[in-house]
Amino acid sequence: MTGGFVTGGFVTGGFVTTAAMTVDGSDRALLREAVRKAVDFRGDVTLELTDGSAVSGYAFDARLSDATRLANTINPESEEIRILPAESAERTRIPLASIRTLRFTGKDAASGKSWESWIRRYAEKRLAGEAASIESEPL
């Protein structure tokens with residue numbers, strides 16, 4: 001395991017948030033960054049907790065300490081991620097200190113759905129002589 005990752009990796013300017021990427025919670029700075037990315041990710045994440053349980057769902061919010069503070073002044077108990085579990089509609093707060101691993105397990109619903117991607121697919125279909133429609137693809 002390198003740089004706190006179990007699987008996945010870094011790319012220039014940040015790290016990749018793809019399904020099946022796992023971040024080790026023992027590296028607190030890396031976990032904090034992964035939590036930020038999890039909130040931006042529009043797919044599900046799975047948190048394996050230190051008590052052995054796991055929570056899967058949509059990460060919709062995170063309360064994190066200011067990254068510019070010194071590491072010894074951050075109270076890890078005040079940092080948390082908020083999740084809508086897949087199996088219920090109840091919002092759940094999970095302290096970062098109780099996360100063993102964070103996995104990006106679901107497909108980002110907006111991945112490949114940009115305007116540029118749509119135009120490219122439309123033009124490819126038209127050039128290939130296929131029927132091209134302005135209707136969007138189903139999620």
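The values are calculated or read from the model by the stated rules, or taken from the named source; none is laboratory data. Just so it is clear, the model here is predicted, and its values are computed rather than measured. Every residue, glycine as well, gets a Cβ built from its backbone with ideal geometry; the counts of neighbours run over all protein chains shown.
Structure data summary
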{"read-out": "Residue within region 104-115 that is at pLDDT 85 or above and not β-branched (V, I, T) present", "value": "yes"}
{"read-out": "Region 36-56: number of residues that are without any contact (Cβ under 8 Å) to a residue 40 or more places away in the chain and among the hydrophobic types (A, V, I, L, M, F, W, C)", "value": "2"}
{"read-out": "Yes/no for E124 being over 18 Å from D27 (Cβ atoms), modelled with pLDDT under 80 and not assigned by TED's automatic domain parsing to the domain that holds G25", "value": "no"}
{"read-out": "Positions within region 81-95 being surrounded by 10 or more Cβ atoms within 10 Å (Cβ to Cβ), of a type outside the set (S, T, Y) and farther than 13 Å from V39 by Cβ, in sequence order", "value": "P85, A86, R91, R93, P95"}
